[in-house]
């Protein structure tokens, strides 16, 4: 790593907004002890942490920062709504090294937005201005994205796949992440419980997204090689 290059302050800056949710750090999630993920290392993972937070209106907030030999950083933030609220799923992932960046940012909708235009208008349209700015710099979509993933993203999906990384790109990608997160925080503040009958289809889609992410996320193999199958499975289930 050159003297000029440094990693972005993702964990610190995202953490400031997460604090505003006022959540409580979880020691257990769905019967699983998640404290081993607070300080996880092994193989190429020199250090990492994954914290889960219990927050009203949400199933969880899950934030991950991982260092691979201090040459590659992986950052992830997923926010999952509970069964009473129609909020989308906040998703941020960023693999960052001096060689390049792979970045995804989105609100995965829990409704079929063409069948439910009010959902689109309430939960996704607030992203319009930030999305429009981001697409000036990152107009394409990476060919890495498989079809099942493309089927679940929103019309406001931001993706960057660039080589090499620069401070300019870092600052811009972090800015978009924080702006999406601030919008999500505002939606979360204002959101109200929905009718249980309306929520049935949203829960079905949310759980289908969760199932596919657990089964197909490529990062699980990387972690499994580093720390073993048991901890890798715990890490994936905690994130998703």
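Just so you know, all these numbers are worked out from the coordinates, no wet-lab data involved. Bear in mind that the values here come from a model prediction, so they are computed numbers and not experimental data. Methodologically, a virtual Cβ is constructed for each residue, glycine included, from the backbone with ideal geometry; neighbour enumeration extends over all protein chains shown.
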Query raised in the report: Principal axis lengths of segment 153-236 from Cα atoms, whole Å, largest first?
Result: 47, 37, 21
Report summary line: So the FRET efficiency between residue 121 and residue 99, C-beta based with R0 = 41 Å and rounded to 0.05, is 0.55
Report task. Arrange the following residues from fewest to most other Cβ atoms within 10 Å of their Cβ: 50, 186. Result -> 186, 50
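Provide, as a two-decimal number, the C-alpha radius of gyration of segment 76-171 over 2.2 N^0.38 Å, N being how many residues it has.
1.15
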Requested in this report: Please work out the Kirkwood hydrodynamic radius for segment 1-85, using every pair of different C-alpha atoms, and report it in angstroms with one decimal place.
Outcome: 14.1 Å
Query raised in the report: What ranking of 185, 138 emerges when the number of other C-beta atoms within 10 Å of each C-beta is taken as an exposure proxy, fewest first?
Result: 185, 138
Query - Residues listed by number, segment 134-167, amide nitrogen under 18 Å from residue 4 label point at 7 Å toward C-beta - result: 163-167
Query raised in the report: Rounded to a whole number, what is D in µm²/s for segment 10-239 from Stokes-Einstein with the Kirkwood radius over alpha-carbon pairs (4 °C, 1.567 mPa s)?
Result: 71 µm²/s
Query - Cα centroid of segment 136-151 to Cα centroid of segment 46-99, whole Å - result: 20 Å
Requested in this report: Jot down the radius of gyration and Dmax of segment 132-192, Cα atoms only, both in angstrom.
Outcome: 13.7, 43
